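Below is one structure, written out as C-alpha cells, with a few remarks after it.
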Amino acid sequence: MTSVEVVPSEGGGWSDSAVEVRVPAQVDQLAVIRAAVATVGAAFDLTVDGIADARLAVDEACTKLIRVSSPGATLECRMGGHPRHLVLRCVTTIVGDDPFLGHGLSWYILQSVSTDLSAGSGPSERDPAMRTAWIELSIDTGVDRRAE
C-alpha cells in the first residue's frame with residue numbers, strides 16, 4: 001500500500017495556496033503527481049493547454065529524479081504560484097554525488113514548456129549526510145494574480 005501526503009507549503013516565498021505532495025520515488029506514483037499538478041494548475045487559471053504542459057513537465061521532471069533516486073526515497077513536489085506563474089519544485093534523495101540532470105530529450109521537453117527551468121543537487125536540508133537532487137520550473141499562467 002502506498003501513502004500520499006498533501007501538506008500546506010511552509011512558505012519560503014511560495015504563495016499561501018501552495019501544496020506539497022510526497023510519494024515514494026517510484027514510476028507508478030507519477031499519475032498521483034500529474035493529477036495534483038492538474039488540480040493546482042486549474043486553481044491558478046491555467047488554460048487546458050497550460051495544464052497539459054504542466055502535467056507533461058512534472059512527468060518529465062519526476063521521471064528524471066526517480067532514475068537517480070536512492071532506494072526507498074521519497075519524491076516531494078511543491079506546487080504553487082507567484083503572480084503570472086505556476087511554480088513546480090520536485091526533489092528526492094539521490095545515490096552518488098552529482099547527477100547530470102540537464103540533458104537529453106526530457107530536458108528539451110522541460111525547456112519547451114517552461115518559462116524558467118533549473119536543476120541541481122546538494123546536501124539534504126533534513127540530513128546533511130544525504131544528498132538531494134531537484135528540478136524547479138515555472139509555467140506562465142497568462143494571468144496576473146496580484147490583481148485579484
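Read the figures in this text as sums done on the coordinates, not as results from a lab. Because the structure is predicted, anything quoted here is derived from the model rather than measured. Please note: Cβ atoms are built from the backbone with ideal geometry, for glycine as well, and neighbour counts cover all protein chains shown.
Among the residues of segment 40-73, those identified as closer than 18 Å to residue 103 by Cβ and of a type in the set (Lys, Arg) are 64, 67.
Residue count for segment 96-121 satisfying the condition of being polar (S, T, N, Q) and in contact with a His (Cβ under 9 Å, 6 or more places away or on another chain): 1.
Taking strands (runs of 3 or more DSSP E) as the structural unit, those lying wholly within segment 51-148 and holding at least 3 residues that are within 16 Å of residue 30 (Cβ to Cβ) and under 14 Å from the mean Cα position of the chain (by Cα) correspond to 74-82, 85-93. Of all residues in segment 46-78, those being farther than 12 Å from residue 135 by Cβ, β-branched (Val, Ile, Thr) and surrounded by 19 or more Cβ atoms within 10 Å (Cβ to Cβ) number 1.
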